[in-house]
Structure formats: structure tokens, C-alpha cells
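Structure first, commentary second.
The values are calculated or read from the model by the stated rules, or taken from the named source; none is laboratory data. Note that the structure is predicted; figures quoted are calculated from it, not measured. Cβ placement follows ideal geometry from the backbone for every residue including glycine, while neighbour counts extend to all protein chains displayed. Calculation scope for accessible area: heavy atoms of the full protein, side chains included, ligands and nucleic acids excluded. Shrake-Rupley method; radii C 1.70, N 1.55, O 1.52, S 1.80 Å.
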Amino acid sequence: MGRQAAEEVAGRRADDAAKPRGRGGAGGGGHVVAAGGDTELAAELVAGNQDALAELYDRYAGLAYGVAMRVLGDPGRAEDAVQEAFMNVWKQASSFDGERGSLRAWLLASVRNRSIDYLRGRGAHERREEELQPEVAYGEGPPDPWREVALSLERAAVRDAMASLPAEQRQAIELAYFGGYTHSEISDMTRVSLGTVKGRMRLGLEKLSSYLRGRGLVDV
Amino acid sequence: MSDGTRHDELEASVAAWVLGALEPPEAQTIAAHAEGCATCREVAVRLRHVVGALPVAVDEVTPPARLRGRLLAAAAASRGRTERPIAMRRSPRLAPVPRSAAGRMPLYAMAAVAVVALLIGVLVGQIAAQRSQGTAQEQVARFTLTGHEDMAGAKATVVDLKADGVALLDFRGLPPPGANRVYEVWLVPAQGSPVPAAVFVPDAGGGKVVLVNRALAGYAVMAVTNEPAPDGSSQPSQQPRLYGNVA
């Protein structure tokens, strides 16, 4: 599609963007968007197709808001963090590389980072470098209607993997990832040495990697 | 310290790094090291795969219904993906409205702004006292405009006096607009083109109180751009870097 044609599509869809739609019910070209995987969705985002943003939201808003609520426990700030994370993906979509990971992983990492920023009172600009797509090669979800089933299975596997860790390793990982604590703060909180905290994090993540890789859930 | 010892020390922190558990200086040190260390880079990539899976364990929570509309309105305002200025929309533009140009106001109007500002404080206080009667949200609404990119330190509080059909904007942290430049305030409907609402120049401290002599009802987003002095532009000439929802 030529640039001019792409802009015409972008402009037309932008005008339609505020119209309410049901889940996966994007109108017009949205049917293509709704049926596509991450790569197709990212291409539509780059083209400025707001139906694609609506589709991304419909797919992952519940998960994104769940992550923000887990970190922040505050509906208002969670709402802001989720909006900023979606806007980050919208603005940076051209940097998406399907080889490095899924849109979902990128989005959720952004939600988590924004939420931690709120928790720590940091401005988003201080994290700009980290807002680039992380190398998170978490498998792209299959198209509907299996997406939700697959997500449910993935959730169960990750929870099982976390539950399989020794309590102190699980605690170190959760305090860092969902609590936003630094390793020094965790060391102080748990009254163990910094080296021990680092070791627990490393061992825990290595075990999770082995567990999930064994179930084909991370592409390593 | 030998290179080997240094490497061992840094590799021990890779897990904390990918979990976001290092202070920024430590994170920068290990990031720089990983650039040139294949071993640490490989470990980081492997562990990041796992960290990327962690949020999947969280239960989904249905967000407030308004969030979807907020997001799409903000995306429409940003126009970040189209690389076109806001005004290049193909829908018909709304007719330009008279501006409340605080930067060019006559003295009586500037005095009026000051009086309104004082009255706002009184009114908001009164309304807060009446909150139990459920009237506050019917008369006054407050919104925040947030700066991004090179305006990340700027913000504005918007007080929408619905009953009076005006809004008061309290800007903070604005950088100087530059020689022969002004800031211009735009109101963006959910569908349609941005409407110019005011032009102004902040004071030396980056602050300014601006009166928008227009009701905010029907608009989704308020945005600010940097435009030529003294009158600004009839259409935005750049992507806004200070904006927020007003619906």
C-alpha cells in the first residue's frame, strides 16, 4: 500500500475510532485486524489504524489492568498506567520485532514498568530507554477462539512454575517484579545478604525457565 | 579487580537487572557490560524470556468501561502513528471559535482572570463542602494535562466550571516557548478537528493561568502545541506534547 493510500486508510479509521465496538467487533477493516496475530496487528498499528489499537485493547485490557492492579492496588493509578502502556505501544509500534517477542509481552512489560514508576514516583521519561521492546520471546498466541483457552493454560503453567519454587526464591522474584523493590531493599527487608538475594533471583528464574521451557511455553 | 572478577560480579546481578531490581546506575553499568559480553547477554536473554511470562500469572481484571474511550481519544489526539499534524484530518473542521488569548488580553480581561481564579478557589471550596449533597461533580470537573517527551516536566490542572461554560487552566513547568512563539490550547472532539481555544506565553517560572471561555462539553481531549506568535495557528502545526482527557 502506498504512503498516501495508507494515510487515507489511517485517516478514515481514525475518524471511526471513537465508535463503540464489541469485543473483536471492529468495523470495516477491523475484521482483518481481529483475525490477525501480533505481527499483523503491529503492522496495522504502524499504519495508524485505530481499529488495531481497539483490538489490542480488547484482547489484553483485562490482563493489563490486572497487572497494574497487582502492582498498584489503586484503580485510578492502575487506569492511568494501562492507558500509558497502550499509548507507548501505539507510538512505538514501528519498533516492534516479532522475532523478539509478542505484542502481549511488550505491552505487559510496559504496564508493569509504568505501574512501578507510579509506585516509586518516577516520571515516565526516566524510563524511556527501558520502554523499548524487551527481548521477551514469549510465544505468540493462537488466533481466536483459542486465545483465551491458551491464556488460561499459560496462566496455570506459570502459577505452577512459581509454586514449585522454594518460598524464598519466589518471594525475591515477586518483591522485585510486582513490588518494585530493588535487590538492596529486599536484602534489608528479608535480612539476608545482597549476594543471597541475587542468588535467589538467579536460581528462581533459572528454575522457572527450565520448567516453562519443558512445557514449550518459552521459546529459548 | 581483574576482568574475570568484574565479570563474575556483574553476571551475578543479571537476574536482578532483568527483574528491574537494580538502581539506575547499576542497571546502566551492567547494560554496558552486557553489550560486550556474550555470556551475560545470553543469560539476560534467557532470563528475560521468563520475566516476560510472569504477568501472565495475574488474574484478569475488567477495567472501567471509560478507559477504552479515553485511550482511543488520546490516540486520536496524539496522531503519533500517522506522522501528520492533527489538522490534516479529513473530516470537516469545525468553525474556528474566538480565542481567549490570555497572552494578548486587555487589562480588564486579565483582571477578570485573576478574579475568576480567586472565585474558583472559593467555589471549589464551597462545592467540596457540599460534596455530601452530590452536587460537586455536577458543577465542577477537574482534569490533568500531562507533558511528554521534551515537555515531560510540564503539566496543567483544568477546572471545568460547567455551570458557567468556562474552564480555568493552571499551567506549571512549561519551558519557554521560544522567540516569536506562543503556546496554543486546542480542544479535540471525539470526532472532528481540533478547535483553537487560547494562546498564551508562560511567565518566567513556566507557569500561567489561562481562561478558556468555552464549555468543555463535547470535547474529548485538550492539547497544547507550540505555534508562531502572536496569534498562533488556525490548525496545529505539530504533534502535541502536553495533553489530557477532558471527558
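Could you check region B:176-202 and list, in sequence order, the residues that are in a loop (DSSP other than H, G, I, E, B) and either in contact with a helix residue (DSSP H, G or I) (Cβ under 7 Å, 6 or more places away or on another chain) or modelled with pLDDT under 85 (or both)? Show your work before the answer.
The initial filter retains those residues of region B:176-202 that are in a loop (DSSP other than H, G, I, E, B), namely B:176-180, B:190-194, B:201-202.
Matches in region B:176-202: B:Ala190, B:Gln191, B:Gly192, B:Ser193, B:Pro194, B:Val201.
Looking at region B:14-22, is at least one residue open to solvent by 10 Å² or more (accessible area, probe 1.4 Å), outside any helix (DSSP H, G or I), at pLDDT 90 or above and at the interface with chain A (Cβ under 7 Å from one of its Cβ atoms)? Let's see the steps before the verdict.
At the first step, the residues of region B:14-22 found to be open to solvent by 10 Å² or more (accessible area, probe 1.4 Å) are B:17-18, B:20, B:22.
Within this subset, residues satisfying the condition of being outside any helix (DSSP H, G or I) are B:20, B:22.
This time we only want the ones that are at pLDDT 90 or above, so: B:20, B:22.
After this cut, where a residue has to be at the interface with chain A (Cβ under 7 Å from one of its Cβ atoms) as well, the list is B:20, B:22.
Yes; the residues of region B:14-22 include at least one that is open to solvent by 10 Å² or more (accessible area, probe 1.4 Å), outside any helix (DSSP H, G or I), at pLDDT 90 or above and at the interface with chain A (Cβ under 7 Å from one of its Cβ atoms).
Take the residues in region A:86-100 that are touching a helix residue (DSSP H, G or I) at 6+ places or on another chain (Cβ under 8 Å) and open to solvent by 10 Å² or more (accessible area, probe 1.4 Å); name whichever of them is modelled with the lowest pLDDT.
Across region A:86-100, the extreme among qualifying residues is A:Gly98.
With the requirement that a residue be among the charged types (D, E, K, R), at the interface with chain B (Cβ under 8 Å from one of its Cβ atoms) and buried (at least 23 other Cβ atoms within 10 Å of the Cβ), what does region A:51-78 give you?
Selection gives nothing.
Which of the residues spanning region B:238-247 are part of a loop (DSSP other than H, G, I, E, B) and closer than 15 Å to B:Leu174 by Cα?
Residues of region B:238-247 that are part of a loop (DSSP other than H, G, I, E, B), as a first pass: B:238-241, B:246-247.
B:Pro240, B:Arg241 - these are the residues of region B:238-247 that are part of a loop (DSSP other than H, G, I, E, B) and closer than 15 Å to B:Leu174 by Cα.
Scan A:Ala81, A:Ala42 and give me the residue that is in contact with a Phe, Trp or Tyr (Cβ under 9 Å, 6 or more places away or on another chain), modelled with pLDDT of 90 or more and more than 7 Å from chain B (Cβ to nearest Cβ). Give the steps one after another, and end with the answer.
On the way: A:Ala42 fails: modelled with pLDDT of 90 or more.
Unique residue meeting the criteria: A:Ala81.
Across region B:36-71, what is the number of residues that are outside any helix (DSSP H, G or I), of a type in the set (A, V, I, L, M, F, W, C) and either crowded, with 20+ Cβ neighbours inside 10 Å or touching a residue at least 60 places away in the same chain (Cβ under 8 Å) (or both)?
Going through region B:36-71, the residues outside any helix (DSSP H, G or I) turn out to be B:37, B:58-65.
Okay, now just the ones that are also of a type in the set (A, V, I, L, M, F, W, C), so B:37, B:58, B:61, B:65.
Pick out the ones that are also either crowded, with 20+ Cβ neighbours inside 10 Å or touching a residue at least 60 places away in the same chain (Cβ under 8 Å) (or both) and you get B:58.
Going through region B:36-71 one residue at a time, the tally reaches 1.
Going by the structure shown, is B:Ala27 open to solvent by less than 10 Å² (accessible area, probe 1.4 Å), in contact with a Phe, Trp or Tyr (Cβ under 9 Å, 6 or more places away or on another chain) and of a type outside the set (S, T, N, Q)?
no
Looking at region B:203-237 only, could you name the residues that are assigned to a loop (DSSP other than H, G, I, E, B), touching a residue at least 24 places away in the same chain (Cβ under 8 Å) and open to solvent by 50 Å² or more (accessible area, probe 1.4 Å)?
B:Asn213, B:Arg214, B:Ala217, B:Gly218, B:Pro230, B:Asp231, B:Ser234, B:Gln235, B:Ser237
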